[in-house]
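Undergrad: Please see the structure below; I have some questions.
The values are calculated or read from the model by the stated rules, or taken from the named source; none is laboratory data. What you are looking at is a predicted structure, and each value in this text was computed from that prediction instead of being measured. Cβ coordinates were reconstructed from backbone atoms using ideal geometry, including for glycine residues, and neighbour counts include every protein chain displayed. Please note that ligands, DNA and RNA were not included when accessible areas were found on the heavy atoms of the full protein model with its side chains. Shrake-Rupley method; radii C 1.70, N 1.55, O 1.52, S 1.80 Å.
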Amino acid sequence: MKVFVGTIVHSTWEEPMNILQNTALGVHDSEIVFIEAAQRLEDLKTKYSFIDSDITYLTSSQFMMPGMVDTHIHASQFPNNGIKLDLSLLDWLNTYTFPTEAMFSDVKVAQCVYPKVVRLLKNGTTTAAYYATLHLEASKVLAQVVHDRGQRALIGKVNMMVNCPEYYRESSITESVSETEDFIFFIKKLQTPLIKPVITPRFAVACSLDQMKQLGQLAKKHDCHIQTHLCETQAEVTWIQELFPWSKSYTDVYDTAGLLGAKTIMAHCVWIEEQELKRLKECNTGVAHCPNSNISIRSGHCDVRQLICRGIKVGLATDCSGGYSSSMLDSLRRALDVSKSLSIQRQNYQFLTLPEVFRLATLGGAQVVNMEDRIGNFEIGKEFDSLLIDFEVPRSPLDIFDKDTLEDKIHKFLYNGDDRNIVQVYVAGRCVINNKNCT
Ligand code: GUN
Ligand code: FE
């Protein structure tokens, strides 16, 4: 048993940011077993039979929050983080992104790049929905690295066959489906509940209907998650109309292929229309909001308030390297910027608040990856995926003053904090990053 006593901050559906002071949180193996007022510590000791040495007292400059969920990230694009953002999506893919991903045909590139995903853990991303590349061997390297580091993840071998360069495409539907199934078997062999395969048709521009249908069947056969891109740019939406002239909409293409469902993650959804939103809601399909990417490659502003009002599941994502930062704290800040920008353009627009984006980064993300029953906050019975935050570390980027309330300090961390303030990271009860031994 591990017990943490101090300030615990998390979201519920009733309250976007619940700040619980003097609270005791008990973890047995990977699971949260109690969260109660610290005054009850003596009773709790008897009830759950733990001893003083099992207890960690957080200092007055520390708090615990849930780990963050990156609902859409291209691990293979890490080498391009922070560069080459002068083109819009379709040109950006052809000019910069496909050549970079194609390098992963050499498994040594994967062995060099993928260990850098540990940066995400340091940044507080305890769960990530990854795109690898179309290469089976390199995708296995990503899965192995994530497994070794102890992160929770969905990992997808990318599928793409049409409207993409000859040097970077799968050669047939048969190969696409059989290699994807081999990848599923590889992940199953890792025998970890933390990593799941995700079927990853890149986007409908790059896949034929037949390919998407067969991948949809594969997802059903193995009860897999599915992830793809939807309505990211206007040019892409126009192209989809030309490629699938029979379709009612972009969403209708995926619907016809059998790809919508509660375990499907749709990235972007910027240029999405009424009927399509209704369909996402009916299918309980989640949206990965990628604010940095949507600004950096100038795709557009996603109206997250509208998604929330319609009851559509929505989480945050970095989408690097379309987004230049792989930090979820950046995604949370950019989500605020985009929402406030919309409120400048539209009268009476209700912009997102900081507590709301905190919830999107944690509980919202858990919902989008369809793991709300396991992660996202500190409810009893969930897995302990958690960050220990400290305002007062050496070289802290935060300026804290005597006048600051606890809530102010938490807000300051969310706006100006970074990995220096994230002193410990836990995934399923296991400490995977430890920068400081707290007493
Ligand atoms: N649409 C298809 N592929 C990609 C990608 O790699 N990044 C982004 N942002 N959009 C895409
Ligand atoms: Fe993307």
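Undergrad: Given a 10 angstrom Cα cut-off, can you work out which residue in K340, K47, K213 is the most mobile in a GNM of the chain?
TA: K47
Undergrad: Among A128, A361, A206, whose mean-square fluctuation peaks in a Gaussian network model of the chain (Cα, cutoff 10 Å)?
TA: Among A128, A361, A206, the largest GNM mean-square fluctuation belongs to A206.
Undergrad: Pop out the ³J(HN,Hα) list for segment 378-388 in order, Karplus 6.51 cos²θ - 1.76 cosθ + 1.60 with θ = phi - 60°, rounded to Hz; leave Gly and Pro as x.
TA: Once rounded to whole Hz, the list reads 9, 5, 4, x, 7, 6, 8, 10, 8, 10, 9.
Undergrad: What is the packing order of peptides 93-106, 309-322, 141-154, 382-395, taking the mean over residues of other C-beta atoms within 10 Å and listing the highest first?
TA: Put in order of decreasing packing, that is 309-322, 141-154, 382-395, 93-106.
Undergrad: I've got another one for you. Between segment 1-39 and segment 373-409, what's the alpha-carbon centroid distance in Å?
TA: A separation of 12 Å, based on Cα centres.
Undergrad: Can you tell which of T256, T126, T180 shows the greatest fluctuation in a Gaussian network model of the chain with Cα springs below 10 Å?
TA: In the Gaussian network model the winner is T256.
Undergrad: With a 1.4 Å probe and all protein chains left in place, how much accessible area per residue does the chain have, in Å²?
TA: I get 39 Å² per residue for this part.
Undergrad: So, one more: If Lys and Arg each add +1 and Asp and Glu each add -1, what is the summed charge of the other residues whose beta carbon sits under 14 Å from the beta carbon of I265?
TA: Numbers: positive: K196, R202, K263, K313; negative: D70, E232, D319, E372.
Around I265, the surrounding residues sum to 0.
Undergrad: Express in nm, to one decimal, how much length is gained between Q234 and V162 on full extension, taking 0.36 nm for each residue of separation and deducting their alpha carbon distance.
TA: Numbers: separation 72, 0.36 × 72 = 25.92 nm, distance 1.97 nm.
Working it through step by step, the gained length comes to 24.0 nm.
Undergrad: So how tilted is helix 234-243 from the main axis of the chain? Cα-based, degrees 0 to 90, rounded to 10.
TA: In the chain, helix 234-243 runs at an angle near 40 degrees to the longest axis.
Undergrad: A further question on this structure: For the chain, what is the relative contact order in percent, using Cα pairs closer than 8 Å and at least 6 residues apart in sequence?
TA: Relative contact order of the chain: 20 percent.
Undergrad: Going down the list K116/K436; K248/K278; K2/K313; K340/K412; K108/K189; K189/K436, which pairs span over 25 Å between their C-alpha atoms?
TA: K2/K313; K189/K436
Undergrad: Can I ask one more? Would you mind classifying segment 81-182 by shape? Square roots of the alpha carbon gyration tensor eigenvalues, ordered a ≥ b ≥ c; an a/c under 1.5 is rounded, otherwise it is prolate if a/b is larger than b/c and oblate if not.
TA: oblate
Undergrad: V198's amide H: which non-local residues (gap 5+, or another chain) put their own amide H closer than 5 Å, with H modeled 1.01 Å from N in plane and none for Pro or chain starts?
TA: HN-HN under 5 Å from V198: I155, G156, K157.
Undergrad: Something else now. Quickly work out the S60-to-N434 label distance, labels modelled 7 Å from Cα along the C-beta direction, and quote it in nm with one decimal.
TA: Spacing of the two 7 Å Cα→Cβ label points: 2.7 nm.
Undergrad: Next question. With a point put 7 Å past each Cα toward its Cβ, work out how far D223 is from L209 in nm, to one decimal.
TA: 3.1 nm
Undergrad: For a Förster distance of 25 Å, can you work out the FRET efficiency between the beta-carbons of D182 and D106, rounded to the nearest 0.05?
TA: For D182 and D106, the calculated efficiency is 0.85.
Undergrad: Residue by residue through segment 152-169, what is 3J(HN,Hα) from phi via Karplus (6.51 cos²θ - 1.76 cosθ + 1.60, θ = phi - 60°)? Round to whole Hz and write x for glycine and proline.
TA: 8, 7, 9, 10, x, 6, 6, 10, 6, 9, 10, 6, 9, x, 4, 6, 9, 7
Undergrad: Another question about this same structure. Accessible surface of I295 in the full protein assembly, 1.4 angstrom probe, to the nearest 10 Å²?
TA: Here the accessible area works out near 80 Å².
Undergrad: If I model a spin label as a point 7 Å beyond the Cα along the Cα-Cβ vector, how far apart are those points for E31 and R420 in nm?
TA: 4.0 nm
Undergrad: Quick check on the chain: helices-only [θ] at 222 nm, where DSSP H runs of length 4 and up contribute -39,500 (n - 2.57) each and the sum goes over total residues. Nearest 500, please.
TA: On the way: 17 runs with 153 residues, N = 439.
Using -39500 (n - 2.57) per qualifying helix, the result is -10000 deg cm²/dmol.
Undergrad: Under the classification rounded if a/c is under 1.5, otherwise prolate if a/b is larger than b/c and oblate if not, where does segment 248-401 fall, given a ≥ b ≥ c as square roots of the Cα gyration tensor eigenvalues?
TA: oblate
Undergrad: K122 to D402: FRET efficiency via 1/(1 + (r/R0)^6), r the Cβ-Cβ distance, R0 41 Å, to the nearest 0.05?
TA: Numbers: r = 30 Å, r/R0 = 0.74.
That pair, K122 with D402, gives E of 0.85.
Undergrad: Checking the a/c ratio against 1.5 first, then a/b against b/c, what shape does the Cα gyration tensor give for the chain?
TA: Prolate.
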